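The values are calculated or read from the model by the stated rules, or taken from the named source; none is laboratory data. This is a predicted model, so every value here is computed, not measured. Using ideal geometry, Cβ is built from the backbone for each residue, glycine included, and neighbour counts are taken over all protein chains shown.
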Amino acid sequence: MDLYIDRDELGRGLARIQGIIERRSTHPLLSHVLLHARDGGLRMTATDTEVAYIGDLSANVSRPGQLTVDAANLFQVVRSLPEATVQLTSTSNKRLEVRSGRSQFKLPGSAAEDFPALPAFDARGTAKMAEGALRRLVEQTAFSVATDDVRYGLNGAHLEEVTAESGEKRLRMVATDGHRLASAEAPFEGSLALSARMLVPRKALAVMRKLLEGDEDQVEIGFGDGAIRLSRPEQTFWFRLLDGEFPDYHAVVPTENKHRAMARRDELGAALKRVGILVQDRARAVRFAFSETELEIEVQNADRGEVREVVAIELEGAAIQVGFNARYLAEVIGVLRGDRVSLELAHPLAPCLVRDSDHDDAFFVIMPMRLD
């Protein structure tokens, strides 16, 4: 293998796989990237057996070949190189020579034949949607996925097909950890071929969020047996799904809300961020007092101090006082896009329904907490 490639192009490619490689695996090559120099450029492949990525980079290849090297090590080397052009050369003793300007590195590698084989994928259905729309679904739900919950069905994001009032087909992604719930949807074209037990794991969501870089470009989604494949220009990534039964989330979405408060998203988000300085305990309830024109947020912490924030609101219904986990609400506010946010309640011990007043393609539910 012998090729010349742009340093920044190579660096971007290696950056994309840092969240995929497995640094502490018993299989040492899961921390490696497979470099394949071929006609037309350099192909990079990385996998941890649960997630796989293939990316094609532009390069001037003078001698084809394949080699695997430690991905994190190579990434650090490339980021340090002084010149814009990098030469990559494989040697007979399975080393990768990296040259740029007067800098030269020799990194130990392994034979491409030893790299874990990628699983076969047979798509049952394929769909296309805007890349930015799919990224939004991930951003607006991933934070609500449970972390190693004993209830296995909460450890991933649920996917389902829904139909809008206009008849438009939409992909909905839902996640919950039992304390809050997030749901977002976006239109698609094609066939999803979804099954009931399809949960996207946390790591796959993190990889999707990082790799979906465009907005209007189309990404193709293929659904196979227990796996999903996403394809975008010059990149393909595959991830295995969790086999778990997601709970009936419709049962916790409040419908008969007598109290509805409207606030500016930026003002409420800034207030919650300041409140969060004194709230380190996730089990501690923060008092939210809704009146006709003001929302008062108050924390009294004997160890850390006290804070009181007042946010202007417009309240429909009677005044009400409730307890919430302020960090959960702050995370919801952080993924909204509109200027105003709506908070709806039925009574002080009912779940709070949060919506973006400017966009109806997402909703969030936060469970209440008892005030001491």
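Limited to segment 50-80, what total is found for residues that are among the aromatic types (Phe, Trp, Tyr) and part of a helix (DSSP H, G or I)? Please lay out each step first, then the result.
So the first thing to find is which residues in segment 50-80 are among the aromatic types (Phe, Trp, Tyr), and the list is 53, 75.
Now drop any that are not part of a helix (DSSP H, G or I), which leaves 75.
Final tally of qualifying residues: 1.
Scanning segment 299-311 for any residue that is in contact (Cβ under 8 Å) with a residue 40 or more places away in the chain and within 32 Å of the chain's Cα centre (by Cα) turns up at least one such residue. Annotation: of all residues in segment 34-49 being among the small types (Gly, Ala, Ser) and assigned to a strand (DSSP E or B), the one that is surrounded by the fewest Cβ atoms within 10 Å (Cβ to Cβ) is Gly41. A single entry from Ile17, Ile21 fulfils the requirement of being in contact (Cβ under 8 Å) with a residue 12 or more places away in the chain, touching a His at 6+ places or on another chain (Cβ under 9 Å) and crowded, with 19+ Cβ neighbours inside 10 Å: Ile21. Take the residues of segment 147-166 that are in a strand (DSSP E or B) and among the hydrophobic types (A, V, I, L, M, F, W, C): which is nearest to Ser195 (Cα to Cα)? My answer is Leu159. Cβ separations smaller than 7 Å between residues 6+ apart or across chains give the following pairs from segment 96-107 residues that are at positive phi and in the same structural domain as His32 (by TED's automatic domain parsing) to residues that are outside any strand (DSSP E or B) and surrounded by fewer than 13 Cβ atoms within 10 Å (Cβ to Cβ): Gly101/Pro82; Gly101/Glu83. When Ala318 is tested against (1) assigned to a loop (DSSP other than H, G, I, E, B); (2) within 30 Å of Val162 (Cα to Cα); (3) small (Gly, Ala, Ser), just one condition goes unmet, and that condition is (2). Selection of first residues in segment 191-216 that are farther than 18 Å from Phe237 by Cα and in the same structural domain as Met173 (by TED's automatic domain parsing) and of second residues that are assigned to a strand (DSSP E or B) and of a type in the set (A, V, I, L, M, F, W, C), restricted to Cβ pairs under 8 Å at least 6 apart or on distinct chains, gives the following pairs, ordered by first then second residue: Ser191/Ala127; Ala193/Phe223; Leu194/Leu159; Leu194/Phe223; Glu216/Ala130. Does segment 81-114 hold any residues that are among the acidic types (Asp, Glu) and part of a loop (DSSP other than H, G, I, E, B), and which are they? Within segment 81-114, just Glu83 meets the criteria. A residue that is surrounded by 17 or more Cβ atoms within 10 Å (Cβ to Cβ), more than 13 Å from Leu10 (Cα to Cα) and among the β-branched types (Val, Ile, Thr) occurs somewhere in segment 53-62.
Checking the conditions here, which among Ser100, Ser80, Ser92, Ser144 is in contact with a helix residue (DSSP H, G or I) (Cβ under 7 Å, 6 or more places away or on another chain) and of a type outside the set (D, E, K, R)?
Residue meeting the stated conditions: Ser100.
Could you tell me whether any residue of segment 130-146 is touching an Asp or Glu at 6+ places or on another chain (Cβ under 9 Å), assigned to a strand (DSSP E or B) and either of a type outside the set (Ser, Thr, Tyr) or touching a residue at least 60 places away in the same chain (Cβ under 8 Å) (or both)? Yes, because at least one residue in segment 130-146 is touching an Asp or Glu at 6+ places or on another chain (Cβ under 9 Å), assigned to a strand (DSSP E or B) and either of a type outside the set (Ser, Thr, Tyr) or touching a residue at least 60 places away in the same chain (Cβ under 8 Å) (or both). For segment 277-315, the set of residues classified as more than 15 Å from Met369 (Cβ to Cβ), in a loop (DSSP other than H, G, I, E, B) and not hydroxyl-bearing (Ser, Thr, Tyr) consists of Ile277, Leu278, Gln280, Glu292, Ala302, Asp303, Arg304, listed by residue number.
Evaluate segment 174-186: report whether one residue or more is closer than 15 Å to Ile221 by Cα, at pLDDT 95 or above and over 15 Å from the mean Cα position of the chain (by Cα). Scanning segment 174-186 turns up at least one residue that is closer than 15 Å to Ile221 by Cα, at pLDDT 95 or above and over 15 Å from the mean Cα position of the chain (by Cα).
The rows are residues; the columns are (1) part of a strand (DSSP E or B); (2) within 23 Å of Lys258 (Cβ to Cβ); (3) touching a residue at least 12 places away in the same chain (Cβ under 8 Å); (4) of a type outside the set (A, V, I, L, M).
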| position | (1), (2), (3), (4) |
| --- | --- |
| Val322 | yes, yes, yes, no |
| Arg327 | no, no, yes, yes |
| Ile333 | no, yes, yes, no |
| Arg337 | no, no, yes, yes |
| Leu343 | yes, yes, yes, no |
| Asp361 | yes, no, yes, yes |
| Pro368 | no, yes, yes, yes |
| Asp372 | no, no, yes, yes |
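Do you know which residues across segment 206-248 are under 19 Å from Phe121 (Cβ atoms) and in a helix (DSSP H, G or I)? Selection gives Val207, Met208, Leu211. Within segment 154-199, the residues that satisfy the criterion of being surrounded by 21 or more Cβ atoms within 10 Å (Cβ to Cβ) and of a type in the set (Gly, Ala, Ser) are Gly156, Ala157, Ala175, Ala182, Ser183, Ala184.
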